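Note sheet for the following structure.
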Amino acid sequence: SPLFPQVPFLQVKGPLLVVQLLETTLLCLVNYASLVATNAARFRLLAGPDMKLVEMGLRRAQGPDGALSASKYSYIGGFDCTSNILAGKLYGIPVRGTIAHSFIMSFRCLEEVQPRELPPRAGGDPVDLAGLAVSWLQRVCDLLQTPPGKANQGELAAFVSYAVTFPCDFQGLLDTYCVKRSGLPNFCAVALALHQLGYQAIGVRLDSGDLAKQSKEIRAVFRACAAHFQVPWFGTIPIAVSNDISEQSLEEFRREGSEIDMIGIGTNLVTCPLQPSLGCVYKLVEVNGSPCLKLTEDEEKMTIPGRKAVYRLYDAAGHPFMDLMALEEEPLPSAGQELGIRVLGRLEETTKVIPTTVEPLHHTYFRDGQVCEPLPSLPEVRTHAQVSLSLLSPAHRRLQEPQPYPV
């Protein structure tokens, strides 16, 4: 669930020495996890519900353990899949990836492609896919009015080699040499050759340049091929982009318009450059039944004494409008009940609120050294996080100058 300042999201009770020893461990486990999930949620809010988001931060994360955590918690925050295969194996997160530039650059000519024959999907004698792609390249270049000689032969060979190996999962990385003159016609040629044998390409990726503008140009070419060669699905081939994508990038895509279907985000997701750390704290609020208050000259570091119950109050539209903290021994608030409350930051004022729904936020999962309730699965946690975010009112959910949420 979304958390707000000053609201205790985890409550630990036990012998003083034991709970003091837990402080560092719990904060280590919570801080980075919450930070990455929050960062991922911001990208999801900017991208909208229909855009596919891929976590691609393994190479830039702070070590392999940080990378695994980033994959897991970006999935909770709203990403659809990860390029981290180990995270897919350990956590069941859907895995997606694309061809590497180094793979394409490792080929020089079609003679290097081995094997090069592919049987039709419906069965039958294998066909020389390389030869078929060359014939299609001429037809594609005639349609696009671009010279076939400008298409890099090593790139074509790499596409053919990949297509022979993964005919049901063929995708192209278009910007190794030149998108318009080489990557795009080479991809179309191999994809149409595969189509002739009964297979369907699954997408392309761009990794440089003006991504929004190029996506529109590529979509136009796909639609032209779909119409000219009478292959309807060709016009809807998914277009993926990467290349240091940030929140600003997503805002620009939305402002300019694009034909992008999938976005791969790495560095700006897993390293959280807008806020590199999250300052969750662990404070003592009661000892042997006596409430504790930390007094300090820094007002933000003052604590609120006593063991607390926390409730989320909802309005008639189904949006949470306030989190209410009360002492554990106080009676539970109920829906429709008028409550006298004091808002943090304005404690001198007493106001009245009437919630339509009241949700207790604390649940006991661990008691007397044992897990006492089944722990939710990762997909269940992800669904809960996304539903909770969607319930926030637009005024509280917007990323630029959101309306403060009262506690």
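The values are calculated or read from the model by the stated rules, or taken from the named source; none is laboratory data. The structure presented is a predicted model; accordingly, all values stated were derived computationally and were not measured. Cβ: placed from backbone, ideal geometry, glycine included. Neighbour counts: every protein chain shown. SASA here: full protein model, heavy atoms, side chains in, ligands and nucleic acids out. Shrake-Rupley method; radii C 1.70, N 1.55, O 1.52, S 1.80 Å.
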Q) Mind checking whether some residue in the stretch 139-149 is open to solvent by 40 Å² or more (accessible area, probe 1.4 Å) and under 16 Å from Phe107 (Cβ atoms)? A) no
For Pro94, the lone unmet condition from (1) open to solvent by 50 Å² or more (accessible area, probe 1.4 Å); (2) under 15 Å from Gly266 (Cβ atoms); (3) under 14 Å from the mean Cα position of the chain (by Cα) is (2)
Checked Pro120, Pro115 against criteria (open to solvent by 80 Å² or more (accessible area, probe 1.4 Å) and in contact (Cβ under 8 Å) with a residue 12 or more places away in the chain); the one match is Pro115
Scanning the stretch 45-68 residue by residue, those assigned to a helix (DSSP H, G or I) and surrounded by fewer than 21 Cβ atoms within 10 Å (Cβ to Cβ) turn out to be Leu45, Leu46, Gly63, Pro64, Asp65, Gly66, Leu68
The number of residues in the stretch 97-111 that are in a loop (DSSP other than H, G, I, E, B) and in contact with an Asp or Glu (Cβ under 8 Å, 6 or more places away or on another chain) is 1
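It is to be established whether one or more residues within the stretch 252-267 are buried (at least 16 other Cβ atoms within 10 Å of the Cβ), at pLDDT below 95 and in a loop (DSSP other than H, G, I, E, B).
Restricting attention to the stretch 252-267, the residues satisfying the condition of being buried (at least 16 other Cβ atoms within 10 Å of the Cβ) are 253, 258-267.
From the residues that got through so far, the ones that are at pLDDT below 95 too are none.
No, the stretch 252-267 contains no residue that is buried (at least 16 other Cβ atoms within 10 Å of the Cβ), at pLDDT below 95 and in a loop (DSSP other than H, G, I, E, B).
Looking only at strands (runs of 3 or more DSSP E) that lie completely in the stretch 294-407, which have at least 2 residues being farther than 30 Å from Gly92 by Cβ and without any contact (Cβ under 8 Å) to a residue 24 or more places away in the chain?
Numbers: elements: 308-314, 320-327, 339-343, 346-353, 357-360.
Once the strands (runs of 3 or more DSSP E) in the stretch 294-407 are filtered for at least 2 residues that are farther than 30 Å from Gly92 by Cβ and without any contact (Cβ under 8 Å) to a residue 24 or more places away in the chain, what remains is 320-327, 339-343, 346-353.
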In the stretch 1-54, anything farther than 23 Å from Leu68 by Cα and among the basic types (Lys, Arg) is listed as Lys13
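Is one or more of the residues making up the stretch 138-145 part of a loop (DSSP other than H, G, I, E, B) and either in contact (Cβ under 8 Å) with a residue 24 or more places away in the chain or of a type outside the set (A, V, I, L, M, F, W, C) (or both)? Lay out the reasoning, then the answer.
Restricting attention to the stretch 138-145, the residues satisfying the condition of being part of a loop (DSSP other than H, G, I, E, B) are 145.
Pick out the ones that are also either in contact (Cβ under 8 Å) with a residue 24 or more places away in the chain or of a type outside the set (A, V, I, L, M, F, W, C) (or both) and you get 145.
Yes: one or more hits.
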Of the listed residues (Leu29, Leu17, Leu3), the one being of a type outside the set (S, T, N, Q), outside any helix (DSSP H, G or I) and farther than 25 Å from Asp175 by Cα is Leu3
